[in-house]
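Structure first, then comments.
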Amino acid sequence: MDRFYIYMRITGFLSLAIEIGNILKEYLNDFVSAPKEAHTLVTEVDALSHALQQLLDFLLKENIRGSFEETSVLYIIISICDSKIKKLHSKLTKFHLRERWNWPFQKQDCSEVVSTLHHCAQTLEFSLTISNCELLSKTTAEVITSLSEQRKGLDSVSLLFQTVPDGIQKMSNTLDVLLAFLPKVDEIYLDVKAIKCDV
């Protein structure tokens, strides 16, 4: 699959993500005592929507080589986002129409969704350079290997400085987050595929 497939897939659920943000903001405006999770969820949905919009713009402007097969990290991340957003939208739409006074999420469930959306948004932001986007066209194992090598290189460069420059520190932090999240991606994706098969 090429970048236009990814583009079309994102446009298919980005409007739902924006709508979710609007529903949550309306809930927060109506209920001053809204749970903390509601505030956190709206922040992460907005961040994901922003990252998705940036990726759409990037895919239109840049000439990216490589294809995004079902085993590629970017394809998997988009699939996870698609599934989580559609599930959130379904739950919030029912909640919005029927039970506006009751928060529809258990704290643990909401925390898991927030964490997944946060990591997906970070991965999408990482993809906003040609080299990183092309890297994410590879499998999870290949990406982890490449990022681990990059992290080792940054560690070597850091040793040359008494104070690590902000740019190197920021890249190190980004790599640490991705290296912590990527081993979980395949498992999350398998759960998403299993849920789709059950429906």
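State which residue is modelled with the lowest pLDDT when the search covers only the stretch 133-174 and only residues that are among the β-branched types (V, I, T) and open to solvent by 70 Å² or more (accessible area, probe 1.4 Å).
T163
Within the group L128, L92, L124, which residue is in a helix (DSSP H, G or I), open to solvent by less than 70 Å² (accessible area, probe 1.4 Å), modelled with pLDDT of 85 or more and under 18 Å from L178 (Cβ atoms)?
L124
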**Study point:** Failed condition for D30, given (1) under 22 Å from T116 (Cα atoms); (2) touching a residue at least 60 places away in the same chain (Cβ under 8 Å); (3) acidic (D, E)
**Key:** (1)
Exercise for review: Give the stretch 1-11 a look and list any residue that's surrounded by 14 or more Cβ atoms within 10 Å (Cβ to Cβ) and free of Cβ contacts under 8 Å to residues at least 60 places away in the same chain, or say none.
Suggested key: Y7
Study note, to complete from the structure: Of the listed residues (D191, D186), the one being without any contact (Cβ under 8 Å) to a residue 12 or more places away in the chain and under 19 Å from the mean Cα position of the chain (by Cα) is D191
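In this structure, does L190 turn out to be outside any helix (DSSP H, G or I) and open to solvent by 50 Å² or more (accessible area, probe 1.4 Å)?
It is false that L190 is outside any helix (DSSP H, G or I) and open to solvent by 50 Å² or more (accessible area, probe 1.4 Å).
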Review point. How about the stretch 33-57: which of its residues are free of Cβ contacts under 8 Å to residues at least 60 places away in the same chain and among the aliphatic types (A, V, I, L, M)?
Key: V42, L56
Exercise for review: Would you mind stating whether E44 is charged (D, E, K, R) and buried (at least 19 other Cβ atoms within 10 Å of the Cβ)?
Suggested key: yes
Check your understanding: Which ones in the stretch 18-63 are polar (S, T, N, Q) and over 18 Å from the mean Cα position of the chain (by Cα)?
Key -> N22, N29, S33, N63
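Per-residue answers, yes or no, for (1) at pLDDT below 90; (2) crowded, with 18+ Cβ neighbours inside 10 Å; (3) in a helix (DSSP H, G or I):
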| residue | (1), (2), (3) |
| --- | --- |
| F13 | no, yes, yes |
| L16 | no, yes, yes |
| N22 | no, no, yes |
| Y27 | yes, yes, yes |
**Study point:** Every pair of residues 6+ apart whose Cβ atoms lie under 7 Å, when the first sits in the stretch 72-91 and is without any contact (Cβ under 8 Å) to a residue 24 or more places away in the chain while the second is surrounded by fewer than 19 Cβ atoms within 10 Å (Cβ to Cβ)
**Key:** K91/P104
Point to revise | Residue match in the stretch 87-108 (condition: over 24 Å from V192 (Cα atoms) and of a type in the set (S, T, N, Q)) | key: yes
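The values are calculated or read from the model by the stated rules, or taken from the named source; none is laboratory data. Model, not experiment: these values are computed from the prediction. So basically every Cβ, Gly included, is an ideal-geometry build from the backbone, and we count neighbours across all protein chains shown. Only protein heavy atoms, including side chains, enter the accessible area calculation; ligands, DNA and RNA are left aside. Shrake-Rupley method; radii C 1.70, N 1.55, O 1.52, S 1.80 Å.
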